[in-house]
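A.B. asks: For reference, the structure I am asking about is given below.
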Amino acid sequence: MAEQSSGSGARARPISPHLSVYRPQLTSVLSILHRMTGVILASGAAMLCAWLLSAAAGERYYAWTEWFLTSWLGYALLAAWSWCLFYHLCNGIRHLFWDMGQGLSLRATYASGAAVVVASFMLTGLSWGLGLACNLAG
Amino acid sequence: MALQTPLAKVRHLGSAKEGVNHWWGQRLTAILLVPLSLWFVGSLWSIVVGGADRDALVDWLSGPVAAVLMLLFLGATFYHLKLGLQVVIEDYVHGRCKWALLILNALLCLVLGLAALYSVIVIAIGG
């Protein structure tokens, strides 16, 4: 009897986190964005795999990948993936500092959060700007 | 018949000594991925400037440094990805579906990671 009560016998109690009852804050929004960008980057990793696999398979297969990546949908996805990468990278560094016990005060958390948002957009803009500029020049 | 509550049972099971593996693996790959992903973005940029075609990609990967760093980047990426998606599934998916997704996640990350690593080796060696 005791063995069986551990799983199904327990009443269905509310489970944390109750995201819907909190007013969104910068810290909570950035936290959920870290997960969301991570999941989106999973699809980017699948694309990366397809890109390399098609290149290894030969010119004919690579042409399909090239066609997809240079379509408007491909560019839109690349833009999204690049911002997600820079955001996840910057916020990941923020997490690594937290793991070392650094920057955990309320003030520091908000300051680093704002810095991560600014840095992610600047790095995305910089890499696309440089890429487009060099492509137009060359 | 056991007189202990399920909670008391769990409390006295003690450590399995591997509890920190997931956390540690995620941090190690994260530290590795900070320089490697910046290097990867820079490399992509040089491929785009180099014409963005297959020849530019093959040229880039035929160097030993680029090939080894790319293998390292892919290995760390797909392992980090597996650990991260695992936590997301564990947190938000419940019931039988959770186990199916956990298995699918582990296998898919393994297969895609292996395919990507193999492709890099093929390109680096054969072109």
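All of the numbers you see were taken from the coordinates with simple rules; none came from a lab. If you're wondering where the values come from, they're calculated on a predicted model, not measured in any experiment. Neighbour counts are summed over all protein chains in view; Cβ atoms, including those assigned to glycine, are modelled from backbone coordinates with ideal geometry.
A.B. asks: Over chain A, with a Gaussian network built from C-alpha contacts below 10 Å, which listed residue (A:V21, A:V29, A:V117) shows the highest mean-square fluctuation?
C.D. replies: Most flexible of the set in this elastic network: A:V21.
A.B. asks: Note down the magnitude of the dipole of the stretch B:22-125 about its Cα centre, charges +1 on Lys and Arg C-beta and -1 on Asp and Glu C-beta and zero elsewhere, to the nearest 20 debye.
C.D. replies: 360 debye
A.B. asks: Report the local net charge at A:W98: Lys and Arg +1, Asp and Glu -1, summed over other residues whose C-beta lies under 15 Å from its C-beta.
C.D. replies: Surrounding charge for A:W98 is +2.
A.B. asks: What number comes out for the charge environment of A:V39, summing +1 per Lys or Arg and -1 per Asp or Glu over other residues with Cβ under 15 Å away?
C.D. replies: So the surrounding residues net to 0.
A.B. asks: While we're looking at this one, here's another question. Using a 7 Å offset from the Cα along the Cα-to-Cβ direction at both A:F121 and A:L106, what is the distance between the two label points in nm, to one decimal?
C.D. replies: My value for the distance between the label points is 2.6 nm.
A.B. asks: Where the convex hull is taken over the Cα atoms of the stretch A:27-137, what is its projected area averaged over directions, in nm²?
C.D. replies: Value for the stretch A:27-137: 8.5 nm².
A.B. asks: Cα centroid distance between the stretch B:7-73 and the stretch A:63-129, in Å?
C.D. replies: Their Cα centres are 16 Å away from one another.
A.B. asks: Something else now. Pick from A:L123, A:L77, A:L106 the residue whose mean-square fluctuation is largest in a GNM of chain A, springs joining Cα atoms under 10 Å.
C.D. replies: A:L106
A.B. asks: State, as an integer percentage, the relative contact order of the stretch A:19-129 based on alpha-carbon contacts under 8 Å between residues 6 or more apart.
C.D. replies: 33 percent
A.B. asks: Using only atoms on other chains, find how many Cβ atoms lie within 10 Å of each Cβ of peptide A:51-62 and report the average.
C.D. replies: 5
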